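K.L.:
Dropping a structure here in structure tokens format, bear with me for questions.
The values are calculated or read from the model by the stated rules, or taken from the named source; none is laboratory data. The structure presented is a predicted model; accordingly, all values stated were derived computationally and were not measured. Note: ideal-geometry Cβ built from the backbone for every residue, glycine included; neighbour counts use all protein chains shown. The accessibility values were calculated without ligands, DNA or RNA, using every heavy atom of the protein model including side chains. Shrake-Rupley method; radii C 1.70, N 1.55, O 1.52, S 1.80 Å.
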Amino acid sequence: MKDSNLKSIALEIRNGSSKEDCKDSSEIKPLQSSSSSYTKAVGWCSRKCTVDLLKRRIPIINWLPKYNIEDLKGDLIAGMTVALTVIPQGLALASLANLPPQYGLYTAFMGCFMYTIFGSCKDLTIGPTAIMSLLTAEHSTNGGICYVILLTFLTGCIQLLMGILNLGFLVTFISSSVVSGFTSAAAITIATTQISGIFGMASKSDGFIDDVYNFFSGISNGNIKVWDMTLGFGSIAFLFMLKYSNKLKLSCCGSTMQRILETLLHTMGIARNALLVLTCAGVAAILVSYDVNVLTLTQSVKPGLPPFAFPAFSYHSFNNVTNQTIDRDFIEIIQNMGTGLIVIPLLCLLEAIAIAKSFSKGKKIDATQEMIAFGVCNIMGSFVSSYPATGSFSRTAINYSSGVRTTAGGIITGSLVLLSLGFMSPYFRFIPKASLSALIFLSVLNMVHYEDVIMMWRTNKLDLLPFFATFFLSFILGLEYGILIGIAISIGLLLLQESKPKILIEQRQTYLGCRYLFAKPDRTILFPSAEKLQTKIIKAVPDQSDKSVCCVLMDGEHITNADYTMSLNVKCLTNSLKTENVKIIFVNLKNDVQNSLKGSGVADFIHFSSLEEAENYIDAISVCQTSSASYCIAFPRHSLRSDDVSLHGS
């Protein structure tokens, strides 16, 4: 009994195993397919994720092993010099962003640390700038510090995403004329907001027109404070004097003393902002110690380092005027930020990449890497209460002239900013507002690009249209809308120019005297200009009564690709010419263009690689139309020569 049961079990097992062994091959294919997909995925990752890519995306890996004492010396001097500039500028620019002074310093250190790791341009310095401060002011007015920190986080996320997706080409659609007009308008707007501070008048910035109105209203109402005005104009004179002091040539002393004095003047010229703030703060502190309160001083700066915290994604505030609590969720905050989420990330990248190119000495700048670097800088900056940071041209110039060797100079700058926050914050309250206003006023004067107007007039007058549109609309509608409209106008002009290509159309004849219509566009034909190409060729073809032209030869030497609209128009053109008994022949087309035209279903697609072959074909058509059938059959076996024709004639 037991044996029979065991036999039956063994038989079942054997049958089961045989069934498993005899599986259909179709059941195995999916496993092979998944294995093949896995192998392909691993191969793709091994090709893409290379050491070279890692070095490009984290540049510190490339230069840190080669770091030496000379690099440390250059970075130390440059980092200290930049810190002496960014500390007073940060305090001043925070007021421009309608934020407490310490937030300018919060913006000045984290970007320096992160750019040391991810940055690719050794000269570029990251921190608060006048344009970013002005663009941030609107959001700080709407939602306070909560809005600003969240704006910084979202700006960094957008920039990082653009870098990962290789969207650096988007920045190229902002033309230089638009940037020039925007920068000039922003500089004048910033300078206007600081004039009231130089004269000691309290004025809330609500735009260029309101600033001008408030300034003249304050003068007519007698709100000028003489002591503040005196200090403001004195600060401007002091900065001008130190700015040009390094250009003095001393010859009254010995060579050693002359070098020492010239080095001293050069150092004072570079650190003029720090010297101004220290001098004015010292004078104000002495006056306060004697109970002489004649100067308008900076509000108290919160001592210590900022907390490291994640940005808040909701807004909660109590309005003391209306006695109402305001609650906004993340979606409502995004809606309130509006175009700022588009303009600020793009302008931040555009400004930084333009500065990096200016100091690259002809080396190629990796725009994708800069997007990643600035994305990380702003994301990490939002954790320490920073507002959007970007590259500063003035501080980058100082960094370059101070002999910086690597991006490690940012570590020195950021460390000194942290030290000033930790130990010097109680003394920042003695800094007069008039001196900070004078500092910002002079720092933006060089940003007015009046010379660009002359250059545009000499090169291409059409570029003046987006320049002036951006410039004037930035005053009327605001900077964000001004630059968006300017970009739209410049892209519209670009499309207008693309829709009007120059097309050479003329009648030619072959070696045997056969006439044909030759057409050659000077650029790639895409959807804006496809219809114009079709129209011009059809108009140039003679009437059906005139049989002198039997072919249209289109030279595509300058056509690099073809879109759907262009392919469709070529198909329509071919059909229209076919009704006129006119063939269209293509020559010098790229393989991609040929595939696009064939894919659209162009009837009787004929292509030759050279003009000579195409003309031979036209001669062949002409000979066949006027010769016997026997010759036409034999003709294609020959290359077309004059002796062939003469033999036929005999």
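K.L.:
How much of the accessible area of segment 81-178, probe 1.4 Å, is carbon plus sulfur, in whole percent?
P.N.:
72
K.L.:
Taking just the alpha-carbon atoms of segment 264-395, what radius of gyration and Dmax come out, in angstrom?
P.N.:
Answer for segment 264-395, Rg first and Dmax second: 21.3, 59 Å.
K.L.:
Need one number: nm distance between label points at residue 233 and residue 561, each 7 Å from Cα along Cα→Cβ, rounded to one decimal.
P.N.:
With each label placed 7 Å out from Cα toward Cβ, I get 6.1 nm.
K.L.:
Work out, step by step, the length gained on full extension between residue 166 and residue 506: first 0.36 nm times the residue separation, then minus their alpha carbon distance; give nm to one decimal.
P.N.:
118.1 nm
K.L.:
Just list whichever of 520/583; 363/502; 364/532; 73/302 have alpha carbons separated by over 26 Å in the model shown.
P.N.:
363/502; 364/532; 73/302
K.L.:
Please compute the alpha carbon radius of gyration of segment 404-450, then divide it by the globular-protein estimate 2.2 N^0.38 Å. Two decimals is fine.
P.N.:
1.61
K.L.:
While we're looking at this one, here's another question. With N set to the residue count of segment 482-553, report its C-alpha Rg divided by 2.2 N^0.38 Å to two decimal places.
P.N.:
1.55
K.L.:
So if I average 1/r over every pair of distinct C-alpha atoms in segment 42-125 and take the inverse, what Kirkwood radius in Å does that give?
P.N.:
This gives a value of 15.3 Å.
K.L.:
Can you compute the FRET efficiency between residue 609 and residue 531 using 1/(1 + (r/R0)^6), with r the Cβ-Cβ distance and R0 = 25 Å? Round to the nearest 0.05.
P.N.:
For residue 609 and residue 531, the calculated efficiency is 0.35.
K.L.:
Under a 1.4 Å probe, what is the accessible area of segment 445-592 per residue, stated in Å²?
P.N.:
54
K.L.:
Shifting gears a bit: Tell me, what % of the accessible area of segment 257-359 is carbon and sulfur with a 1.4 angstrom probe?
P.N.:
That fraction is 62 percent.
K.L.:
Order the peptides 264-277, 211-224, 96-109 from the highest to the lowest mean number of other Cβ atoms within 10 Å of their residues.
P.N.:
96-109, 264-277, 211-224
K.L.:
Give me the accessible area per residue for segment 262-371, probe 1.4 Å, as a whole number in Å².
P.N.:
I get 57 Å² per residue for segment 262-371.
K.L.:
Could you give the nm distance between label points at residue 397 and residue 52, where each point is 7 Å from its Cα heading toward the beta carbon?
P.N.:
Each label point is offset 7 Å from its Cα along the Cβ direction, giving 3.8 nm.
K.L.:
Mind giving me the FRET efficiency for residue 300 and residue 262? R0 is 56 Å, r the Cβ-Cβ distance, nearest 0.05 is fine.
P.N.:
0.90
K.L.:
Okay, next question. Largest first, please: the extent of the C-alpha atoms of segment 294-351 along each principal axis, to the nearest Å.
P.N.:
So the three principal-axis extents are 43, 40, 28 Å.
K.L.:
I would also like to ask the following. Rolling a 1.4 angstrom probe over the protein heavy atoms, how many square angstrom per residue are accessible across segment 58-108?
P.N.:
Spelled out: the 1.4 Å probe surface of segment 58-108, per residue, equals 38 Å².
K.L.:
Going highest first, how would you order 396-402, 147-153 by mean Cβ packing within 10 Å?
P.N.:
147-153, 396-402
K.L.:
Also, I was wondering about something else. When the scattering of segment 138-209 is computed by the Debye formula from its Cα atoms alone, each counted once and equally, what is log10 I(q)/I(0) at q = 0.21 Å⁻¹?
P.N.:
Those come out to -1.06, one per q.
K.L.:
Moving on to the next point. With 10 Å bins from zero, work out the P(r) of segment 41-196 over every alpha carbon pair and list the percent per bin.
P.N.:
Spelled out bin by bin, segment 41-196 gives 9, 27, 33, 22, 8, 1, 0 percent.
K.L.:
Under the √(5λ) rule applied to the eigenvalues of the Cα gyration tensor, what semi-axes describe the equivalent ellipsoid of segment 577-616? Give them in Å, descending.
P.N.:
Here the semi-axes work out to 17, 16, 5 Å.
K.L.:
Once the convex hull of the C-alpha atoms of segment 419-548 is built, how many Å³ does it hold per residue, rounded to a whole number?
P.N.:
222
K.L.:
Using the Cβ atoms and a cut-off under 10 Å, what net charge is assigned to the surroundings of residue 605, where Lys and Arg are +1 and Asp and Glu are -1?
P.N.:
It works out to a net charge of +1.
K.L.:
Please give the FRET efficiency for residue 173 paired with residue 332, using the beta carbon to beta carbon distance and R0 = 22 Å, rounded to the nearest 0.05.
P.N.:
My answer for the efficiency is 0.15.
K.L.:
Okay, moving on. Over 25 Å, how big is the tail of the calculated P(r) for segment 111-263, in percent of all Cα pairs?
P.N.:
More than 25 Å apart: 57 percent of the Cα pairs in segment 111-263.
K.L.:
For residue 69, what is the net charge nearby, where nearby means another residue's Cβ is under 13 Å from its Cβ and Lys, Arg count +1, Asp, Glu -1?
P.N.:
In short, 0.
K.L.:
While we're on this one: At 7 Å along the Cα-to-beta-carbon direction for both residue 286 and residue 364, put a label point, then send me their distance in nm to one decimal.
P.N.:
Label at residue 286, label at residue 364, 5.9 nm between them.
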